[in-house]
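First the structure, in the form of structure tokens, and then the observations on it.
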Amino acid sequence: MTTYKDIMWHLTFQEIVQVPEVWTRCENREKQPYTASGRHWNFVVGHETIDKTVIDIVDMNTVSDNYIVALVDTGEKEIPVPIGLPMFGRDTCCSPACGSLQVHLESIWEDVRVEHARLFPSKNCMRDTPLDSRNFGSRRNELYVKVKVKSTRMQEDPRAATIETSA
């Protein structure tokens, strides 16, 4: 396999993921200053040559066409979590509307408490901000969420998978 599209085809053909999208795992403290690793993810286009050793896969059957990938810091792990992104003025993330990112995340992740939610690299606090396309860019990883985990369920997200490559 030489391109990310090859990986996507393999995942689909092997029926591992029905509609995969690929994100590369990166570490850069200048871009993401909240954790010691500086971990963050970049969305890649299928025809690009594989140049990263770790990639993460989002199964599009589990999220809407518009989504963000949040860096969720549990204190023990830094994991990528896809979050559906409603279009501003047309959709709401919850019914009735939850009104803020914190309320939304705590309602879908019943076993966590959101301690911080910030954009990087700007460091703007987003905890009380509505979750919609006006406030977040689709297919971007610019949201850091520090959570306190009440159980072990949040330790892995079934909508994302990690693959080690030999690039």
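The values are calculated or read from the model by the stated rules, or taken from the named source; none is laboratory data. Bear in mind that the values here come from a model prediction, so they are computed numbers and not experimental data. Neighbour counts are summed over all protein chains in view; Cβ atoms, including those assigned to glycine, are modelled from backbone coordinates with ideal geometry. Surface accessibility is based on the protein's heavy atoms, side chains included, excluding ligands, DNA and RNA. Shrake-Rupley method; radii C 1.70, N 1.55, O 1.52, S 1.80 Å.
Taking strands (runs of 3 or more DSSP E) as the structural unit, those lying wholly within segment 1-93 and holding at least 1 residues that are more than 25 Å from K123 (Cα to Cα) and over 14 Å from the mean Cα position of the chain (by Cα) correspond to 54-59.
For segment 37-94, what are the residues that are at pLDDT below 80, surrounded by 14 or more Cβ atoms within 10 Å (Cβ to Cβ) and of a type in the set (K, R)? The one that is at pLDDT below 80, surrounded by 14 or more Cβ atoms within 10 Å (Cβ to Cβ) and of a type in the set (K, R): K52. Regarding segment 14-22, can at least one residue be identified that is within 25 Å of D128 (Cβ to Cβ) and either open to solvent by 30 Å² or more (accessible area, probe 1.4 Å) or touching a Phe, Trp or Tyr at 6+ places or on another chain (Cβ under 8 Å) (or both)? So far as segment 14-22 goes, no, none of its residues is within 25 Å of D128 (Cβ to Cβ) and either open to solvent by 30 Å² or more (accessible area, probe 1.4 Å) or touching a Phe, Trp or Tyr at 6+ places or on another chain (Cβ under 8 Å) (or both).
Do we have any residue at all in segment 34-43 that's free of Cβ contacts under 8 Å to residues at least 40 places away in the same chain and either polar (S, T, N, Q) or in contact with a strand residue (DSSP E or B) (Cβ under 9 Å, 6 or more places away or on another chain) (or both)?
Within segment 34-43, the first condition is being free of Cβ contacts under 8 Å to residues at least 40 places away in the same chain, and the residues that meet it are 36, 38-39.
Next, only the ones that are either polar (S, T, N, Q) or in contact with a strand residue (DSSP E or B) (Cβ under 9 Å, 6 or more places away or on another chain) (or both) stay: 38-39.
Within segment 34-43, one or more residues are free of Cβ contacts under 8 Å to residues at least 40 places away in the same chain and either polar (S, T, N, Q) or in contact with a strand residue (DSSP E or B) (Cβ under 9 Å, 6 or more places away or on another chain) (or both).
Scanning segment 127-163 for residues that are open to solvent by 30 Å² or more (accessible area, probe 1.4 Å), at pLDDT below 80 and touching a strand residue (DSSP E or B) at 6+ places or on another chain (Cβ under 6 Å) yields R159, A161, T162, I163.
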